[in-house]
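To start, the structure under review is shown below, and the notes come after it.
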C-alpha cells in the first residue's frame, strides 16, 4: 500500500492507494469531549500514516486525517475561535491503531458527529446528530468503494455523559437504559448501511469529571451526610441513583457482548481555564485519550480479542479484610501515586447502612488482588466497596494532578506504547459494588486468550466492493 502526504490534492488522491487497501472506519460520537473542546492548540497537524477523515463531516471526500476543527467556545482563552484548532481524540485513535498494526499499514477513517453540551435526548435516534452519524458512515463507505478499496466498520466511540449528569439529573438506571437503546438502534441502522452481520460495538469511556461540573454541589455516595446530596442520589443503597459514571460501568458489566468500556479519564489532565476548570481535557489529554481508544478498538474490532478494562472480578469479606480481585488486562496491579496524585485510600471507600467502619489501608497482595483492611470488623448491613466515585465536596478541578478530584491510583503494567510515546496503562474503572459481588463474563482465565461469552465481539467484517 502506498502512503500519501498531507498536501496531496483531492484530484490525485485515488492514485495514493493500492486496490487492495481496506479502509476501516470508526465513528466518534457524544459531547464536546469527543470533539476536543478547549484542547488548544491542535497537536496532530500532520498525518504520519495514511489515515483519513471527511473533508466536510458528514459528507465530503476522504482527505488526510489532521486536527482541523476550530475551537467553538470564544469565552475561554487561550483558545481563539477565529484561528485556533483543537485536538480531538480522533488522531490519537486512528494513528495508534495504525502504529500497533503488524506492518503499520492499516488505514483508518475517523468521522466526528458529536455535539457539545448535548444530552442523550439530543443524540438518540431521530435527532439530527444521529442522522449525521449515519450519513458519515454512508459517505465513507461510498467514497471507499469509489476508490476501489475494501471497507470495514469497526465501531462507534461514544464519549458522553456530562450534560445528563449535570443538567438532567439522569439516574443510573435511566442512563444505562439509554445506552442499551442507543446500541440497539446503531446496530440495526449501521448493519443496514454496511451490510455487516456482526454486532456493532459501542465503545465508551467513563466520565471522570463529576466532582467539578455540578455548580450546586457534588452528588454524594450513599450514607454521606456531610452536605446536601444532589438529586442523582437520594441516599439509599441502590446503585441506580449513582448517576452516569457508575451507569457506564454497569452498562458494560451487564452488556459485555455489545459494548466495550475502555476505562476512566481521571488519569488525564483537564483544563485550568477560568469558567471551564475540570470540565474538558487539555490537548495532550485528548491525544492520550485517543491513544487509549485506539488500543481498545484495535484489540476488539481488528484482533477479535475480549474487551477487558481493569475492572472488579469479585469482592469478599473475611473479618476486617475486604479482598477485591480484578480482571487485569496486562501485567499486574500496581498503586501509582506519580502519574495520578495520591487519593484517599488510593481511591477506595467502604460503606454500609450504619457506617460501622472505614478503611485503614489498601495493599496490592497479588498480581490481580487488592486487600482492604478496615478499622474494625463491620457490623452494618449491605456492605459495599466503591472506587473512584467519592470526591471532596466542590472539588476544584478534575484529573490526574488534583488530589481531591475523582479518581484512584490503581493501574496495570501494560507495556503498550502509543503513537506519541505515551505509556498506555489501564486504570481501574469507577465502580460501587456489594460485598459478595462476582463478575465472570470471560471464558478463560488467561489474560492473553480471554474471549467473551455470548455473541462475537468483532465490530465489523471486511466487505468487498
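The values are calculated or read from the model by the stated rules, or taken from the named source; none is laboratory data. Note that this is a predicted model, so its numbers are computed, not measured. Quick reminder, even Gly has a Cβ in these numbers, built from the backbone with ideal geometry, and neighbours come from all protein chains shown.
Details
- Any hit, segment 316-328, residues being in contact with a helix residue (DSSP H, G or I) (Cβ under 7 Å, 6 or more places away or on another chain) and modelled with pLDDT of 95 or more: yes
- Residue in segment 121-131 that is touching a residue at least 60 places away in the same chain (Cβ under 8 Å), in the same structural domain as residue 35 (by TED's automatic domain parsing), under 24 Å from residue 248 (Cα atoms) and assigned to a helix (DSSP H, G or I) present: yes
- Test result for residue 370, over 30 Å from residue 108 (Cβ atoms), buried (at least 18 other Cβ atoms within 10 Å of the Cβ) and either in contact with a helix residue (DSSP H, G or I) (Cβ under 8 Å, 6 or more places away or on another chain) or touching a residue at least 40 places away in the same chain (Cβ under 8 Å) (or both): yes
- Screening the candidates 278, 223 for the property of being modelled with pLDDT of 50 or more, on the phi > 0 side of the Ramachandran plot and over 14 Å from the mean Cα position of the chain (by Cα) yields one hit, 278.
- Residue in segment 168-178 that is within 17 Å of residue 124 (Cα to Cα), modelled with pLDDT of 95 or more and surrounded by 24 or more Cβ atoms within 10 Å (Cβ to Cβ) present: no
- Residue within segment 18-25 that is within 25 Å of residue 302 (Cα to Cα), in a helix (DSSP H, G or I) and at pLDDT below 85 present: no
- Qualifying residue in segment 143-158 (condition: modelled with pLDDT of 90 or more, surrounded by 24 or more Cβ atoms within 10 Å (Cβ to Cβ) and assigned to a loop (DSSP other than H, G, I, E, B)): no
- Search result, residues across segment 159-189 that are in contact with a strand residue (DSSP E or B) (Cβ under 6 Å, 6 or more places away or on another chain) and not in a strand (DSSP E or B): 160, 183, 186
- Of 338, 334, all but one fail to be over 17 Å from the mean Cα position of the chain (by Cα), free of Cβ contacts under 8 Å to residues at least 12 places away in the same chain and closer than 20 Å to residue 406 by Cα; the exception is 338.
- For segment 88-107, the count of residues that are buried (at least 24 other Cβ atoms within 10 Å of the Cβ) and part of a strand (DSSP E or B) is nonzero.
- Verdict on residue 413 being part of a strand (DSSP E or B) and either surrounded by 16 or more Cβ atoms within 10 Å (Cβ to Cβ) or touching a strand residue (DSSP E or B) at 6+ places or on another chain (Cβ under 9 Å) (or both): no
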